[in-house]
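Written out below as C-alpha cells is the structure these notes cover.
The values are calculated or read from the model by the stated rules, or taken from the named source; none is laboratory data. Small disclaimer: the values here were computed from a predicted structure and weren't measured. So basically every Cβ, Gly included, is an ideal-geometry build from the backbone, and we count neighbours across all protein chains shown. These accessible areas exclude ligands, DNA and RNA; they are computed on the full protein's heavy atoms, side chains included. Shrake-Rupley method; radii C 1.70, N 1.55, O 1.52, S 1.80 Å.
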Amino acid sequence: MNQIHFALQVFAALAVVLAATTLCGRLALLVRQPRVVGEMVAGVLLGPALFGAVAPGVQAQLFPADVKSTLYVLSTIGLTFYMFLVGSSLDHKLTTGANARKAGVLAVSGIVPTFLLGAGAAVVFYDSLSPEGTSMWVFMLFIGGALSITAFPMLARILQERGIANTPIGGLTLVAAAIDDAVAWAFLALIIAVGASGSPSGALKTILGAAIFATLMLTVGRKWLAKLGERAERDGKLSRDMMALILFIVLLSGWYTDWIGVFSVFGGFITGLAMPKSPVVRQELETKLTDLNSILLLPVFFAFSGLNTRVDGFGSGGALWFQLAAIMLVAFVGKYVGCGLVVKAQGYSWRYASAVGGLMNARGLMILIFINIGLAYDLVTPEMFAILVAVAIVTTAAAMPIYRASLPDHLEAQANVKPSPAPVP
C-alpha cells in the first residue's frame, strides 16, 4: 500500500510540474521570450520563492524528500538524453575551414574574459559563499566555468526560427556556442575530478577514465555506429531493436561516467558526438526522443533546480543582493564585451557585434545543468546556487531583447551579407 501511495505522490508532483512549466512556457512565448525562460522561471516558482512561501504545507506534502529523490533520478535521465541529442545534432561541417577558425576565436573571446572575471569574483566572495572545506582554487574554477557557458541548443532554436542559422553571422555564433559548451563539459569533468575525488590518485583515475571513454567512443565507437547509420539509411528508419540499442548505449555511457565521477551528462554528450551524421538517424532520434524529453523530463529538472533554490538571502535583510549584482555584472560584461569586440574585429558592424554579444550571453539550461552538478558534489553553497540560477534566468531573458534592439527586422533580413574586410592596422 505504501508503494501505491508513493506512486500517487510522484504522479501528482509530475502533473504539477508539467502544468506549471507548460503554462509559464506559453506565457514566455507571449512576451517574445524562448519557452525555456518560462520553464526556468516555473521551476523557481515551485520552490521556496513562491509556492514554498505561500503554501509551505502543501509544497512539503507535494514534494517530500523521497519524491524529490525520484525527481532527481528522472531529471538525470532526462539530462543525459538531452545532452545526447545535443551532441548528435551538432553539424561537423560547420567546424571546418575558415568558419571554424573565426568561431574558435569568438568562443575563446567569450570564455576567457568571463572565466577570469568569474574567478576574480569567486576570490572576493570566497569566505562568504564557498562551501566549507572547498579550496579557493576549486571554487574559482567552478564559478569561472559556470559563467563561461553559452546555451548552444537554445541558440540553435532561436536562429533556426528566425531563418538565419545558415548565414555567416548565424553559423559563426552557433559554432562558437558549441565550442563553448564542449569546453565547459570537459572543464567541469576536470573540476569534479580535482574537487570531489578526495585525493590526487582519485582525480587522476577520473581524468584518465573520462579521457579513455571519450577517445574510444569518438574513434572505435563512431566507426561501429556508422554501420548503424548505413543500415538506417537503407531501411529509411531506425527499427525498434536499433532504437533499443541506442538507448542502451546512452544509458551505459551515462552509468559509466557517473561511476568514474564525471556525471552522466558527459557520457550522453560524448555518445551523441559519436552518432553517425545520417539524416535518417537524426530525424528518427528527434521524432522518438525529443518530445518526451523536452515536455516532461526536462521540466522535472527545472522543478528540481527550483526546489533547491533558496531565496532567504534576498529577503528584507538583502544580504545577497550585492553579490548577485556583482556576479550578474561580471557574467554579462565578460561575454558581451569579449564576443562583441571580436565580431567587430572580424569585419562586422557594431550592430552585429552587439547582437552576437547578446546571444552568446544566453546561458539557458546549460548553466543550470552545470550548477546542479556542482551542488550534487558540494562545490557550491545553496546561496551561490540561488545567485547562479538568477544569473541563468536574467542573462537568458536578456538575450533576445538585446538581439532585437541590435538587429531590427529590416537589418536582420540582411544577415546573409558577408562581413567587410577588417581594416589593416
Q. Which residue, of 241, 291, is at pLDDT 90 or above, at negative phi and among the acidic types (Asp, Glu)?
A. 241
Q: State whether the residues of segment 171-179 include one that is assigned to a loop (DSSP other than H, G, I, E, B) and modelled with pLDDT of 75 or more.
A: no
Q: Just give me the residues in segment 341-379 being surrounded by fewer than 24 Cβ atoms within 10 Å (Cβ to Cβ), more than 21 Å from the chain's Cα centre (by Cα) and either part of a helix (DSSP H, G or I) or without any contact (Cβ under 8 Å) to a residue 40 or more places away in the chain (or both), in sequence order.
A: 341, 342, 344, 345, 349, 350, 351, 353, 354
Q: Note down all Cβ pairs under 7 Å where the first residue falls in segment 127-150 and is open to solvent by 10 Å² or more (accessible area, probe 1.4 Å) and outside any loop (DSSP other than H, G, I, E, B), the second is modelled with pLDDT of 90 or more and hydrophobic (A, V, I, L, M, F, W, C), and they're at least six residues apart or on different chains.
A: 136/123; 140/119; 140/122; 140/123
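Results for (1) assigned to a loop (DSSP other than H, G, I, E, B); (2) under 22 Å from residue 382 (Cα atoms); (3) touching a strand residue (DSSP E or B) at 6+ places or on another chain (Cβ under 9 Å); (4) modelled with pLDDT under 90, shown as yes or no for each residue.
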site	(1), (2), (3), (4)
4	no, no, no, yes
14	no, no, no, no
20	no, no, no, no
23	no, no, no, no
26	no, no, no, no
37	no, yes, no, yes
40	no, yes, no, yes
72	no, yes, no, yes
(Q) Looking at segment 299-314, can you tell me whether even one residue there is open to solvent by 70 Å² or more (accessible area, probe 1.4 Å) and assigned to a helix (DSSP H, G or I)? (A) yes
Q. Taking the stated definitions as given, is residue 8 aliphatic (A, V, I, L, M) and either without any contact (Cβ under 8 Å) to a residue 12 or more places away in the chain or over 23 Å from residue 392 (Cβ atoms) (or both)?
A. yes
Q. Quick check: anything in segment 28-46 in contact (Cβ under 8 Å) with a residue 24 or more places away in the chain, among the acidic types (Asp, Glu), open to solvent by 30 Å² or more (accessible area, probe 1.4 Å) and under 23 Å from residue 374 (Cα atoms)?
A. no
Q | Residue identified as without any contact (Cβ under 8 Å) to a residue 24 or more places away in the chain and among the hydroxyl-bearing types (Ser, Thr, Tyr) among 278, 239, 253 | A | 239
(Q) Based on this model, can you work out whether residue 280 counts as open to solvent by less than 50 Å² (accessible area, probe 1.4 Å), out of contact with any Asp or Glu (no Cβ under 9 Å at 6 or more places or on another chain), in a helix (DSSP H, G or I) and on the phi < 0 side of the Ramachandran plot? (A) no
Q: Check residue 331 against each of (1) more than 30 Å from residue 60 (Cβ to Cβ); (2) open to solvent by 30 Å² or more (accessible area, probe 1.4 Å) and name the one condition it does not meet.
A: (2)
Q: For residues that are under 23 Å from the mean Cα position of the chain (by Cα) and part of a helix (DSSP H, G or I), scanning just segment 43-70, find the one that is farthest from residue 259 (Cα to Cα).
A: 45
(Q) Looking only at segment 380-402, filter to residues that are open to solvent by 10 Å² or more (accessible area, probe 1.4 Å) and β-branched (Val, Ile, Thr); which one of those is farthest from residue 294 (Cα to Cα)? (A) 381
Q: Run residue 395 past the list (1) modelled with pLDDT of 85 or more; (2) outside any helix (DSSP H, G or I) and report the number of the one that doesn't hold.
A: (2)
(Q) Condition first: outside any helix (DSSP H, G or I) and open to solvent by 10 Å² or more (accessible area, probe 1.4 Å). Now tell me which residues in segment 264-277 satisfy that. (A) 276, 277
Q) What is the number of the single condition among (1) within 20 Å of residue 366 (Cβ to Cβ); (2) at pLDDT below 70; (3) part of a helix (DSSP H, G or I) that residue 165 does not meet? A) (3)
**Q.** Verdict on residue 247 being open to solvent by 50 Å² or more (accessible area, probe 1.4 Å), modelled with pLDDT of 90 or more and outside any loop (DSSP other than H, G, I, E, B)
**A.** yes
Q: Can you tell me which residue within segment 47-63, out of those that are open to solvent by 30 Å² or more (accessible area, probe 1.4 Å) and of a type in the set (Gly, Ala, Ser), is modelled with the lowest pLDDT?
A: 49
